[in-house]
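Here's the structure we're looking at; comments come further down.
Here, each number is a calculation from the coordinates, and none is a lab measurement. Quick caveat, the model's predicted, so the values are computed rather than measured. In this analysis, Cβ positions are derived from the backbone assuming ideal geometry, glycine residues included, and neighbour counts consider all displayed protein chains.
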Amino acid sequence: MRNNIHLLLLILLSVIVRVHAEDRPNFVIFIADDVSWNDLGCYGNPAARTPNIDRLAGDGLISNNAYLTASSCSPSRASIMTGRYPHNNGEASELHRPWAAHLPTFPELLRANGYHTAQAGKFHMDQIRQDDGTRKLDAAFDRAEKQTKVPGNSGGHGNWVTVTKERPRDKPFFFWFAAIDAHRGWDADDEWDAPAYGPKHRPENVIVPPFMADTPETRADLASYYNEVTRFDHFVGRVIAELRQQDALENTVVIVMADNGRPFPRAKTRLHDSGMKTPFIVHWPARITTAGAVRDALVSVIDIAPTILELAGVAVAETMQGVDMLPVITSDSPVRKYAFSEHNWHDYEALGRSVRNASGWIYIRNARPEKAWLGPADSVSSPSHQALQKLPADGTLSPAQADVLLEPRPAEELYFTPDDPNQLDNRVDDSSNADVLSELRHVMDRWQTETGDSSPEKYTPDFYDRVTGYTDSATGKPVSQVRQRQYRDVPGADHDADKINLPGPR
């Protein structure tokens with residue numbers, strides 16, 4: 001009799017655990033590499049071919065005001081993982097540098113609380129090793145598929161469906177699916193699978209942003225970029241189809257986003273919307289019941305970590321500076337007044353900060369105004385940037401094109417995005433905007449002080465040529481052969497900003 005009671009209790013316990021696991025939502029984040037928010041069909045680009053993402057948006061919601069904390073690959077992704085601003089992650093505020101191992105990530109906390117966690121695709125983040133030689137990042141994932149290339153596919157998504165199929169079925173799950181698409185290299189052109197992806201994009205059909213020269217070289221460059229966006233979309237669709245087949249899609253929170261803007265002039269590395277605004281599509285049939293909903297409330301990507309943890313019933317780490325955005329998702333109720341972003345060294349010396357308010361104003365502070373804000377080296381060396389440089393410097397450049405090469409730049413910029421979506425009309429000297437300028441200056445000062453931000457005296461210098469990109473303009477040789485590369489101090493280091501948890505104004 002006692003054995004029967006014991007067996008019955010075990011059965012009841014297993015049922016309770018299983019029901020609890022089924023109640024907790026699953027999570028999938030699809031993160032594209034170097035894709036601007038307005039290069040998806042659901043954001044109004046008539047030339048983009050993203051049917052799977054568009055379908056998710058049509059059944060779920062899109063955000064019109066989601067912003068990254070950095071328009072730079074690894075600083076942006078590390079910030080999402082830790083729920084902290086880049087300068088509060090230590091060295092990771094700059095490209096390809098590690099963040100402090102004492103900072104927890106939300107996948108690590110999910111895994112410690114019963115979630116199956118998996119990563120597949122691009123993952124060029126690291127953490128400082130601890131005394132015992134381990135990394136906390138190793139504790140974040142049950143399964144890590146860091147191999148980004150499979151036969152015929154170098155886009156980083158070759159293992160996504162396999163990871164989805166092979167997940168344990170008795171646990172809720174979190175997947176971090178990161179593509180290499182659409183980073184430069186354009187390998188999709190050589191690996192194109194027409195039956196799967198459809199026809200390649202034609203140069204005559206692409207949308208040339210006003211910041212670029214409308215030349216055949218630029219159009220061909222953009223067509224290759226569009227191809228990679230379409231390939232990313234295809235693999236998003238394949239994962240969604242697999243989840244639907246598993247009957248797991250209903251209670252899965254799917255997020256589609258990017259780490260920074262397109263790798264073209266005046267996009268990637270910019271604090272303007274062209275670099276810092278991210279597509280943000282959320283699909284969750286169990287809770288999002290109004291198909292095609294649009295959210296206008298302000299969102300920062302550091303809000304992802306606390307939101308997922310709250311939904312999973314996991315305590316939010318005290319180190320996380322974001323805020324739960326569930327009210328935005330469910331009803332477009334505001335959760336923040338301000339969204340902050342930063343740009344630090346990425347191939348070239350830089351240090352800039354921005355703050356956006358809920359009314360559509362953006363204030364930019366540039367600590368390196370003597371330098372042009374060119375973008376990364378692979379953009380500078382691209383056909384699109386080189387075509388722009390060849391345009392005559394005789395006053396015929398449009399304001400948008402001239403801004404790419406502007407040197408020196410203003411130390412402060414102020415824009416009202418509803419009237420100026422490309423942020424070209426700098427209103428910092430317009431006395432009619434004195435009140436909002438004063439407000440955003442004050443908010444920026446407070447944020448930098450409370451979060452321990454600073455401008456290093458020994459900053460990391462340029463690694464690449466500012467005219468040609470990867471080739472030294474004086475010698476014609478690869479830059480790596482003629483320049484010494486040396487990392488220097490990072491912002492916030494003198495204040496131990498990686499130990500500061502204050503979020504600043506929100």
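At-a-glance table
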quantity: Value of relative contact order over segment 373-472, rounded to a whole percent, pairs C-alpha under 8 Å and six or more apart; calculated: 39
quantity: Reachable aspartates and glutamates, given that their alpha-carbon falls under 14 Å from the alpha-carbon of LYS277 and they are not under 8 places away in the same chain; calculated: ASP33, ASP34, ASP39, ASP259, ASP296, GLU342
quantity: Backbone HN-Hα couplings from phi across segment 335-340 [Karplus 6.51/-1.76/1.60, Hz, Gly and Pro as x]; calculated: 10, 8, 8, 9, 10, 10
quantity: Long-range amide H partners of LEU351 with built H, under 5 Å; calculated: ALA367, ARG368
quantity: Length-normalised contact order for the chain - Cα pairs under 8 Å, 6+ apart - percent; calculated: 20
quantity: For segment 21-118: rounded, prolate or oblate by the Cα gyration tensor [a/c cutoff 1.5]; calculated: oblate
quantity: Acute angle (nearest 10 degrees) that the helix 216-245 long axis makes with the longest principal axis of the chain, alpha-carbon atoms; calculated: 10
quantity: Alpha-carbon spread of segment 203-342, three principal axes, descending order, Å; calculated: 52, 40, 26
quantity: 19 Å Cα-Cα reach of LYS390 towards aspartates and glutamates, excluding residues that sit fewer than 8 places from it in its own chain; calculated: ASP214, GLU217, ASP221, ASP378, ASP403, GLU407, ASP465, ASP472
quantity: Cα centroid separation, segment 233-290 to segment 357-418 (Å); calculated: 27
quantity: Nonlocal amide H pairs with LEU298, under 5 Å, H built at 1.01 Å; calculated: VAL335, ARG336
quantity: Peptide ranges 80-88, 212-220 listed from the most packed, as the mean C-beta count within 10 angstrom indicates; calculated: 80-88, 212-220
quantity: Table column - 3J(HN,Hα) (Hz), segment 146-161, Karplus curve with 6.51, -1.76, 1.60, x for Gly and Pro; calculated: 7, 5, 8, 10, 10, x, x, 8, 9, x, x, 10, x, 10, 4, 5
quantity: Residues whose placed amide H lies under 5 Å from that of ALA258, excluding near-sequence neighbours; calculated: ALA32
quantity: Computed helical MRE - 222 nm, the chain, DSSP H runs ≥ 4 contributing -39500 (n - 2.57), nearest 500; calculated: -8500 deg cm²/dmol
quantity: Size descriptor, Kirkwood hydrodynamic radius, that averages inverse alpha-carbon separations across the chain, Å; calculated: 23.5
quantity: Segment 189-242: relative contact order as a whole-number percent, Cα under 8 Å and 6+ apart; calculated: 37
quantity: Segment ALA241-ARG169, extension gain: residue separation times 0.36 nm, minus the distance between their alpha carbons; calculated: 24.2 nm
quantity: Three-way shape label, segment 379-494, alpha-carbon gyration tensor, a/c 1.5; calculated: oblate
quantity: Three-way shape call for segment 269-383 based on the alpha-carbon gyration tensor, with the a/c threshold at 1.5; calculated: prolate
quantity: Qualifying GluC sites (Glu not before Pro) for segment 291-382 [loop in DSSP, other Cβ within 10 Å: at most 14]; calculated: GLU318, GLU370
quantity: Phi to ³J(HN,Hα) by Karplus 6.51 cos²θ - 1.76 cosθ + 1.60 over segment 76-88, Hz, x for Gly, Pro; calculated: 5, 5, 5, 5, 5, 5, 8, x, 10, 5, x, 5, 8
